[in-house]
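Trainee: Quick one: the structure is below, questions incoming.
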């Protein structure tokens, strides 16, 4: 029997109880929804899409998948063995009960906890990457949980007191905020009316925000874990580390793509974050959380230190109790040869996208191009297309990723 994939990519908004979505955001979700099926790796699995967003011009890598609407899935009856959402939310659980009644929906309170900034803040450890202190993790969180406007103002004062520059950049994130969404970027001590209004709206909903200094990113990686419960309920959950892909992001933190079997950093640096990730995954399992867990870590520059001793490893700046783009990239690694590296790229275009890769003339020799998303979404060209760029020269792939970042405004 086939599996049914539900790409609820606005999962965090569902956790917040936001059912409405702007048309522009819905279009981006529709563009990327078919890519969730890339994680399947099996014949004749299905991906749910909206009636207005049925994909056509399916690339070779997706030929084993089928796309259908919710109405078509209901008409199919009991034809599915498993319901797999991008992330478990109340709407996802309700849909699973309708389409695959045998689905065991995990406890949603555990899902909410693991995806919350409160939980992330508990594990927001960091260390310096100089020889003296690399072995020591700092328990003091990199971020600050704020429950009211005065908390935010107090944090801003302490942040600026610790720095010599007049306008320290910062970011404030909603309790459920991933993928560079649901956040405010700013600098300085004063909050503008837009930021103040946004904060008051958050606190009116009885939620917290997480405030942190904005640092220059040197490198970022997504660690993929799976938490599997003991079938008899008598033992601790099994924690499996599935792999790592380095992320390429724009200057504002927006995701651009993932490096596969290719790294800009020494593995020993990421190993420290992986060990910390096991600790987080065990804690999540102790809350009855099960399933995929993505942990983002980063190397960043500390503006308060001199060059040579100013790099930090932040070991868990985002916790994603759901699927991630990095996990999809990890699965795409199966398409690479034994000596190949790759870069999975999300290309955003404001003009109608054609079927050709716009950077093809600039790519180094020996780099192959494979489209990994449909050519059409409903009656329109997609604003986002995805591409897998591969080759046997890892330095060439790193160069390709930099070209793609520059093309994306990073």
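Quick note: the coordinates plus some simple rules give every number you see, no bench work behind them. Only a predicted model underlies this, so the values are computations on that prediction, with no experimental measurement involved. Positions of Cβ are backbone-derived with ideal geometry, glycine not excepted, and every protein chain shown enters the neighbour counts.
Trainee: Provide 405, 327 in ascending order of the number of other Cβ atoms located within 10 Å of each residue's Cβ, fewest first.
Mentor: Numbers: 405 18, 327 24.
Going from least to most buried by this count: 405, 327.
Trainee: Work out, step by step, the length gained on full extension between residue 287 and residue 407: first 0.36 nm times the residue separation, then minus their alpha carbon distance; give nm to one decimal.
Mentor: Details: separation 120, 0.36 × 120 = 43.20 nm, distance 4.24 nm.
Gain on stretching residue 287 to residue 407: 39.0 nm.
Trainee: Any chance you could run the full-extension gain for residue 44 through residue 351? It's 0.36 nm times the residue separation minus the Cα-Cα distance, nm to one decimal. Kindly include the intermediate steps, with their values, before the conclusion.
Mentor: Values: separation 307, 0.36 × 307 = 110.52 nm, distance 3.32 nm.
So the chain would gain 107.2 nm between residue 44 and residue 351.
Trainee: What distance in nm lies between label points placed 7 Å from Cα along the C-beta direction at residue 376 and residue 195?
Mentor: A separation of 4.6 nm, rounded to one decimal place.
Trainee: Further question on the same structure: At 7 Å along the Cα-to-beta-carbon direction for both residue 334 and residue 60, put a label point, then send me their distance in nm to one decimal.
Mentor: 1.7
Trainee: Right, something else. Compute the distance in nm between two label points, each set 7 Å from the Cα along the Cα-to-Cβ direction, one at residue 26 and one at residue 158.
Mentor: About 4.3 nm separates the two model spin labels.
Trainee: Can you put 343, 142 in order of Cβ neighbours within 10 angstrom, beginning with the fewest?
Mentor: 142, 343
Trainee: Pick the calculated Cα extents along the principal axes in Å for this structure from (i) 188, 69, 32; (ii) 69, 66, 46; (iii) 61, 51, 47?
Mentor: Of the listed options (i) 188, 69, 32; (ii) 69, 66, 46; (iii) 61, 51, 47, (iii) comes from this structure.
Trainee: Between 76, 53, 316, which gets the highest mean-square fluctuation from a Gaussian network model of the chain, Cα cutoff 10 Å?
Mentor: Taking springs between Cα atoms under 10 Å, the residue moving most is 76.
Trainee: What does the extension gain come out to for residue 301 and residue 18, with contour length at 0.36 nm per residue minus their alpha carbon separation?
Mentor: Contour length minus the Cα-Cα distance gives 98.4 nm.
Trainee: Now, a different point. Hey, what did the chain get for relative contact order, percent, Cα under 8 Å, at least 6 apart?
Mentor: Computed over the chain, the figure is 18 percent.
Trainee: How long is region 2-105 along each principal axis, judged by its Cα atoms, biggest number first, in Å?
Mentor: 35, 32, 23
Trainee: Which FRET efficiency value, to the nearest 0.05, do you get for residue 102 and residue 51 by plugging their Cβ-Cβ distance into 1/(1 + (r/R0)^6) with R0 = 35 Å?
Mentor: Once the sixth-power term is evaluated, E becomes 0.85.
Trainee: Per DSSP H run of at least 4 residues, take -39500 (n - 2.57); add these up for the chain, divide by its residues and hand me the 222 nm value, nearest 500 deg cm²/dmol.
Mentor: Calculated at 222 nm, the ellipticity per residue is -8000 deg cm²/dmol.
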